[in-house]
Amino acid sequence: QFTTRVVSCRAAELRPEGGGEPVRGFHVVLEDTILFPEGGGQPDDRGLIGDVPVLRVTRRGPEALHFVPAALEPGAEVLLSLDWERRFDHMQQHSGQHLISAIAEQIFGFKTTSWELGRQRSVIELDTPLVTAEQVAALEKSVNEKIRDRVPVTVRELAADDPEVETVRSRGLPDDHVGPVRVVDIKGIDSNLCCGTHVSNLSDLQVIKLLGVEKGKKNKTNLVFLAGNRVLKSIEQSHNTEKALTSLLKNGPGEHVEAVRRLQSSVKLLQKNNLNLLRDIAVLIARDFKSKPAPRQLFVLHRKEGDSEFMNIIANEIGTEETLLFLTVGDEKEAGLFLLAGPVEAVENLGPRVAELLGGKGAGKCGRFQGKAAKMSRRGEVQALLQEFISHQNPEA
């Protein structure tokens, strides 16, 4: 917590991180703040000004803008409270990134070009097209050795024109930077220009887990990692998943993968058998229709189980020169598929209207019009439309 004073309060809008309509509120500037504004790859802090929640902290030149939903009186003395759990998590990830980047460059010559502190995991972009599994393992071993060595982490400030600034690792300063520059030192390992929040000793990182690499952009590689409490949370989640799988699969963790492979093989076999049965059913339905002594001009069929191939087999078997076919598959209360088949002119005329009634989209050619339907419950309206069309074409029908 920290006591400070409100300097200014102006109306503002906040665009939610997940998108959506802007939220109306206020940008508050304080005499000083303990809430970190987003920057340098690190997200911002959260907290309270009095009992008013701070929803975002951004930087404008030398000022930190605190976005709050309620106005605060300029000149008022206020108590600023920090969300420590969020702050400490960011400290662990950011110091972890400095350590990983420094060791990766020392051992393999891999330079860090950018990084992102994500909600679930963090990513370091390395300026190399390839990082092998052996290199990842060696890097993880080395950074955790440094953590066990309890190496101090210190922060110092230098004047922007101090010659020492040129010797410190940096990806450059923001264009609107003013005042001294801040250097974060990991004793004997790294010196880095950085505005972010850090632990005071590598032992506070607890442990670092490198989750592997992903292909980056322009011949670069993304290294994914977890640090500190995030490793513990990941282990807990994995353990809960393991317990659930043990209960479902009725075997030990070491047999989970093989059990899932067997299940996948069984599912593939069942799907193949089910597909063959659907094909046979489609042929039988078509033959039963054709065996009727007086062929109907309209054939309507709905089946919950089925696919486009099922409907097309029926259409192929019946033939569409004389009969108008309206076939649907899927749950009546949800989305599904439809097929309209018959005389070319009739289908071209009716297809778009059928799709519209079903709240879906479709396309067709050569006497077939098929697509997806969002409102399967309106099949009755489509049938009435088709029946009316046939009646106009043939009044005796």
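Things worth noting here:
- J(HN,Hα) series, region 198-209, from Karplus relation 6.51 cos²θ - 1.76 cosθ + 1.60, nearest Hz, glycine and proline x: 9, 6, 9, 8, 4, 4, 5, 6, 6, 6, 10, 10
- Spacing of the modelled spin labels on residue 182 and residue 149, each 7 Å from Cα toward Cβ, amounts to 2.6 nm.
- Net length gained if the chain between residue 158 and residue 60 were fully extended (0.36 nm per residue, minus Cα distance): 33.2 nm
- Relative contact order (percent, whole number), region 278-397, Cα cutoff 8 Å, 6+ residue spacing: 21 percent
- Using only side-chain charges placed at the Cβ, +1 for Lys and Arg and -1 for Asp and Glu, the dipole size of the chain relative to its Cα centre rounds to 1400 debye.
- Normalised contact order of the chain, rounded percent, pairs of Cα under 8 Å and 6 or more residues apart: 10 percent
- Extension reserve of the residue 84-residue 51 stretch, reckoned as 0.36 nm per residue once the Cα distance is removed: 10.3 nm
- Taken one residue at a time, the phi angles of region 336-350 give Karplus couplings (6.51, -1.76, 1.60, θ = phi - 60°) of x, 10, 9, 9, 10, 9, x, x, 3, 5, 5, 5, 4, 6, 8 Hz. Gly and Pro are set to x.
- Under the Karplus curve 6.51 cos²θ - 1.76 cosθ + 1.60, θ = phi - 60°, whole-Hz ³J(HN,Hα) for region 114-131, x wherever Gly or Pro sits: 6, 7, 9, 8, x, 5, 9, 8, 10, 10, 10, 8, 9, 7, 7, x, 8, 10
- With eigenvalues of the C-alpha gyration tensor scaled by 5 and rooted, region 87-230, Å: 24, 18, 14
- Of 209/250; 290/333; 272/304; 187/215, those spanning more than 26 Å from alpha-carbon to alpha-carbon: 209/250; 290/333; 187/215
- In nm, spacing of pseudo-spin labels at residue 257 and residue 119 (7 Å Cα→C-beta vector): 3.1 nm
- Estimated inter-spin distance, residue 392 and residue 363, nm [label 7 Å along Cα→Cβ]: 2.7 nm
- Packing rank of 72-82, 284-294, where each peptide gets the mean count of other beta carbons within 10 Å, highest leading: 72-82, 284-294
- Dividing the convex hull volume of the alpha-carbon atoms in region 89-154 by its residue count gives 102 Å³ per residue.
- Annotation: per residue accessible area for region 358-397 equals 65 Å², rounded to a whole number [probe 1.4 Å, protein chains only].
- Percent carbon-and-sulfur accessible area, region 21-126, ignoring ligands, DNA and RNA, probe 1.4 Å: 51 percent
- Listed by chain and number, the lysines whose alpha-carbon sits under 17 Å from that of residue 361, ignoring those within fewer than 8 places in the same chain, are 372, 375.
- Placing +1 on the Cβ of every Lys and Arg and -1 on the Cβ of every Asp and Glu, with nothing else charged, gives region 276-393 a dipole about its Cα centre of roughly 120 debye.
- Mean residue ellipticity at 222 nm, helices only, the chain: -12000 deg cm²/dmol; runs of at least 4 DSSP H residues each add -39,500 (n - 2.57), and the sum is divided by the number of residues.
- Percent antiparallel among DSSP beta bridges (both partners in region 286-397, rounded to 5): 75 percent
- C-alpha center-to-center spacing [region 229-262, region 339-380] in angstrom: 47 Å
- The relative contact order of region 87-230 comes to 34 percent, based on Cα pairs under 8 Å that sit 6 or more residues apart.
- On Cα atoms only, tilt of 229-249 relative to the major axis of the chain in degrees: 30 degrees
- Kirkwood Rh and Cα Rg combined as Rg over Rh, evaluated for the chain: 1.20
- Accessible surface computed residue by residue for region 198-327, with neighbouring protein chains in place and a 1.4 Å probe, gives 63 Å² per residue.
- When the convex hull of its Cα atoms is projected in every direction, mean area for region 1-103 (nm²): 7.2 nm²
- Two-site FRET efficiency, residue 302 against residue 13, from Cβ-Cβ distance with R₀ of 41 Å, rounded to 0.05: 0.25
- The alpha-carbon of residue 218 sits under 17 angstrom from the alpha-carbons of these lysines, leaving out residues fewer than 8 places away in its chain: 111.
- Between the amide H of residue 56 and those of 67, distances stay under 5 Å, these residues lying 5 or more places away or on another chain, with hydrogens modeled in the peptide plane.
- Packing, taken as the mean count of other beta carbons within 10 Å per residue, orders the peptides 94-104, 18-28, 360-370 from highest to lowest as 94-104, 360-370, 18-28.
- Residue ranges 192-202, 261-271, 297-307 sort as 192-202, 297-307, 261-271 when ordered by packing (mean number of other C-beta atoms within 10 Å per residue, highest first).
- For residue 216, the residues 5 or more places off, or on other chains, whose built amide H falls under 5 Å of its own are 221, 222.
The values are calculated or read from the model by the stated rules, or taken from the named source; none is laboratory data. Quick caveat, the model's predicted, so the values are computed rather than measured. So basically every Cβ, Gly included, is an ideal-geometry build from the backbone, and we count neighbours across all protein chains shown. Heavy atoms of the whole protein, side chains included, go into the accessibility calculation; ligands, DNA and RNA do not. Shrake-Rupley method; radii C 1.70, N 1.55, O 1.52, S 1.80 Å.
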